[in-house]
1. Take segment A:32-51 and flag every residue that is surrounded by fewer than 22 Cβ atoms within 10 Å (Cβ to Cβ) and within 11 Å of chain B (Cβ to nearest Cβ).
2. Anything in segment A:115-151 that is of a type in the set (Phe, Trp, Tyr) and more than 29 Å from A:VAL86 (Cβ to Cβ)? List them, or say none.
3. Give me the residue from segment B:240-255 that is in contact with a helix residue (DSSP H, G or I) (Cβ under 9 Å, 6 or more places away or on another chain) and more than 26 Å from B:ASN326 (Cα to Cα) and, out of that set, modelled with the highest pLDDT.
4. Check A:TRP128 against each of (1) within 14 Å of another protein chain (Cβ to nearest Cβ); (2) in a helix (DSSP H, G or I) and name the one condition it does not meet.
5. Might you let me know whether segment B:169-190 holds any residue that is within 14 Å of another protein chain (Cβ to nearest Cβ) and of a type in the set (Ser, Thr, Tyr)?
6. Out of segment B:236-255, which residues are without any contact (Cβ under 8 Å) to a residue 40 or more places away in the chain and among the hydrophobic types (A, V, I, L, M, F, W, C)?
7. Kindly indicate the residue of segment A:55-89 that is surrounded by fewer than 19 Cβ atoms within 10 Å (Cβ to Cβ) and in a helix (DSSP H, G or I) and also nearest to the other protein chains (Cβ to nearest Cβ) among those meeting that condition.
Amino acid sequence: MTGLAQMLHGISLLPLADLRPVADVAPSSADLWRFLIPGYFFSIAIETPVLLIGLSRPHSFKRRLVAGFWLTACSYPIVVVAMPLVIGFNSPYYIPIAETFAALGEAALFALAFHTPEIKRADRIRDWIAVIAANLCSYLIGTVFTSHGWL
Amino acid sequence: MSEAAISTANFSAAGQPADRSAARFGAVALAVIVLSAVFAGFVPLQFSIVTVFLFAGPHNWIELRYFLSRMPARWGPLRVYYLTAIIGTLSLTAAFISIPILSRQYDWYGPTISNASALWNSALVLWIASLVAMRNGQKVRGATADAAVALPNPWLLPMAVGFLLVSGVWAYPAAWDIGIVYLHPLIALWFLDREIARRRPAWLRTYRRCLLAIPGLLVLLWWRLIHAPPLEGDDMLTLRITRHAGAEILTGISSHALVATHTFLEMIHYAVWLVAIPLVAMRARPWDLMDAPLSRRSVGWKWFVTATGIAGLFIVLFLWGAFLVNYPLTRDVYFTVAIAHVLAEASFLLRLL
């Protein structure tokens, strides 16, 4: 989920089309809010396919799709708006904390909403791995995009 | 309740007496609303001091009494909901009280206090989102099989909105704090609306019409007072009252307008709990604690309910005494501890919806 959270580290947020490295400038609260919607859609574009493929059999296609939109909708505002304000955007702790929060938080939320007693333990573990993998993918793709200057 | 059902209740079931009782109720409600606005507008500080002194403690006791009468004897499928509500209320209250204590003890400065406050507000938002989700879940379980399939997963919307609000809490902490101060009094009106709909449907239309007077009077207060000179007085009590109304944050607005608005809403809140809710929703007299379902559960629970009610009465008496001895300090302590009743209101309101 936090691919763009990672990309945000050290790049300008305003406007999105004008993303460029400005490592020493910390974005304002308004900048972070402005980034929320485009960043959200970028993240779900990466994570939803991973969830569609990776989640266990008991989950229908519709549920996998919903999970792709919902999990990021929950974690992304915290990672992109709240955490930069608390931890500091240029802090070396921001990326590790944000990525860990997103992966574990989304795994917990998925279990809360979709893990009914009928879901077997092996399927639950597969779901958690899929959620964590989706987050990892968005992080890595975000890193690649940023390092090549494609965004 | 639909308009047609309200209409039926008005004109057929009870006939003209229902009309007359609704009209009487409406006249009294309107009189209280208008008088509160007049006093709040002309003498906001004095009105605030007097209303908090007289009504703060008793209204909390009536709330406690109401909650006891609404708590089912056996929780059954609501067990997780009630446990989450009670544990959340107690732990959030403890955390809220400990923030000012810790900040004094460890010399916390601005950003640390702000972060602690935002952390508390985040926990509050996610707790409420969880209660809403559990409430949605009960509706899903209560629906027929076909209807339940059509209903969305109960956790989706509450948690998505909850996390979005949490980021708002961190981005605009002052706005959130001010929002709670001004919106909390309105929760009582929502309670009353639900109770009237259930128990006095013939009054519902009248009640909702009376509510329209509140925004009208607020507009009037702000139109007259927004550029009024700030309230005079640099004593601790005046400073506390103006700060509570948000004068330190909303610096572009006259403190007179802010205190008048807050006092007006607070008085309506007190009136709802002290007069309207007992009139509409309580079958037994407030001091008759034996009608509480919990007291019928066992002898132990009967003692617990009785002891809670009596302890509440003693706290009201103690509060009056403390106000007489040191009003500013008691007011500060009261508004810190009173967060418990705000949290309890939220839990019970969600059950009513």
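The values are calculated or read from the model by the stated rules, or taken from the named source; none is laboratory data. Predicted model, so just to flag it, every value in this text is computed and none were measured. Virtual Cβ from ideal backbone geometry, glycine too; neighbours counted across all protein chains shown.
1. Result: A:TRP33, A:LEU36, A:TYR40.
2. Step one: of segment A:115-151, the residues of a type in the set (Phe, Trp, Tyr) are A:128, A:139, A:145, A:150.
Across segment A:115-151, the qualifying residue is only A:TRP150.
3. Restricting to residues being in contact with a helix residue (DSSP H, G or I) (Cβ under 9 Å, 6 or more places away or on another chain) and more than 26 Å from B:ASN326 (Cα to Cα), the top hit is B:SER254.
4. (1)
5. Yes, the conditions are met somewhere in segment B:169-190.
6. Residues of segment B:236-255 that are without any contact (Cβ under 8 Å) to a residue 40 or more places away in the chain, as a first pass: B:239, B:242-243, B:247-248, B:251-255.
The answer is B:LEU239, B:ALA247, B:ILE253.
7. Ranking the qualifying residues of segment A:55-89, first place goes to A:VAL86.
Here is a yes/no grid of residues against (1) surrounded by fewer than 16 Cβ atoms within 10 Å (Cβ to Cβ); (2) more than 17 Å from B:VAL28 (Cβ to Cβ); (3) touching a Lys or Arg at 6+ places or on another chain (Cβ under 6 Å); (4) not basic (Lys, Arg):
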site	(1), (2), (3), (4)
B:GLU248	yes, yes, no, yes
B:THR251	yes, yes, no, yes
B:ALA257	no, yes, no, yes
B:THR261	no, yes, no, yes
B:ILE268	no, no, no, yes
B:LEU274	no, no, no, yes
B:VAL280	no, no, yes, yes
B:ARG283	yes, yes, no, no
